[in-house]
Amino acid sequence: MTVRSWQLKRGDALIGTLTLEGVDVFWTDCRFRPGPAWEVVRPLFEASEDAWECDDEDAALAAEEAIYDAGLVLVPGDGEDPMTDFLLRVSGETARFRA
């Protein structure tokens with residue numbers, strides 16, 4: 001059985017690798033392994049996580065827009081077309097996205 005995975009990239013830079021752990025209706029839950037360029041975008045994900053934890057919906061939505069505007073791409077390991085329109089949350093070693 002092949003394990004599904006995606007590379008999170010910004011241009012040619014590898015931000016991290018997401019490995020499928022499960023699917024929850026709208027969200028794809030993954031294990032996250034940071035790549036060499038993770039530190040460049042990590043503050044964006046931390047801002048999103050902090051805002052959601054504080055129930056600050058306006059700040060959370062602004063943080064998610066900043067993540068979207070960062071030009072990130074999810075490249076499937078199975079050769080499918082890269083995804084550019086998705087919502088992604090990363091927290092420590094876990095990630096989840098919805099396309």
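None of the figures in this text is laboratory data; all of them are computed from the coordinates on show. Since this is a predicted model, take the numbers as computed values, not measurements. So basically every Cβ, Gly included, is an ideal-geometry build from the backbone, and we count neighbours across all protein chains shown.
Within segment 9-29, list the residues whose amide N lies under 18 Å from a label point set 7 Å along Cα→Cβ of Thr84.
Answer for segment 9-29: 9-15.
What 222 nm value per residue comes from the helices of the chain, counting each DSSP H run with n ≥ 4 as -39,500 (n - 2.57) and dividing by all residues, nearest 500 deg cm²/dmol?
After summing the helix terms and dividing by residue count, I get -9500 deg cm²/dmol.
Count the net charge of all other residues whose Cβ sits under 14 Å from the Cβ of Thr17, scoring Lys and Arg as +1 and Asp and Glu as -1.
With Lys, Arg at +1 and Asp, Glu at -1, the net is +2.
What nm value, rounded to one decimal, do you get for the distance between Leu61 and Val73 when each label is placed 7 Å out toward the C-beta?
Output for this residue pair reads 3.0 nm.
What are the extents of the Cα atoms of the chain along their three principal axes, in Å, largest first?
Ordered largest first, the chain gives principal extents of 41, 30, 22 Å.
Residue separation times 0.36 nm, minus the C-alpha to C-alpha distance between Ser91 and Gln7: what's the value?
28.6 nm
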